[in-house]
Amino acid sequence: QVRLVESGGGLVQAGGSLRLSCAASINILSVNTMGWYRQAPGMQRELVAFITSGGTTNSADSVKGRFTISRDNAKNTVYLQMNSLKPEDTAVYYCHADRIRGVNLNSWGQGTQVTVSS
């Protein structure tokens, strides 16, 4: 059983910064792709950024230049550094692990609320 626990959410003013953490119960280097998703009220869940086991990263166009995904392999933790936050970034942010080698995980964390005031 894979457990993902997000933390670091909170209330911040527009233009501010926040750093989210996702602590995993497994070796994140064994996970094909670790990702951050978000879901705003009334909206579908969307991919924000991801990092592969090989270290390749990418992010959604809406957050490029503002958000950075990274990891600490020794701590089995994935981070999402969010800078220049905008009110439209307000959402519940979720951590996700897709699979380990040939085994599907499709594991989600419980989510952490990020609220950006104008």
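The values are calculated or read from the model by the stated rules, or taken from the named source; none is laboratory data. A quick note: this is a predicted structure, and the numbers were derived from the prediction, not measured. A quick note on method: Cβ atoms are made from the backbone with ideal geometry, for glycine too, and the neighbour counts reach across all protein chains shown. The accessibility values were calculated without ligands, DNA or RNA, using every heavy atom of the protein model including side chains. Shrake-Rupley method; radii C 1.70, N 1.55, O 1.52, S 1.80 Å.
Could you tell me what percent of the accessible area of the chain is made up of carbon and sulfur, with a 1.4 Å probe and every protein chain present?
46
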Rounded to the nearest 10 Å², the 1.4 Å probe accessible area of residue 115 is 50
Accessible area per residue, Å², the chain with all protein chains present, probe 1.4 Å | 52
With contacts defined as alpha carbon pairs under 8 Å and 6 or more residues apart, what's the relative contact order of the chain in percent?
-> 36
Taking the alpha-carbon centroid of each part, what is the distance from the stretch 1-53 to the stretch 67-107 in angstrom?
-> 3
Which cross-chain or sequence-distant (5 or more) residues have an amide H under 5 Å from the amide H of residue 86, H modelled 1.01 Å from N in plane?
-> 15
Projected area averaged over orientations for the chain, convex hull of C-alpha atoms, nm² | 6.8
Highest mean first, what order results for 73-83, 50-60, 98-108 on Cβ atoms within 10 Å?
-> 73-83, 50-60, 98-108
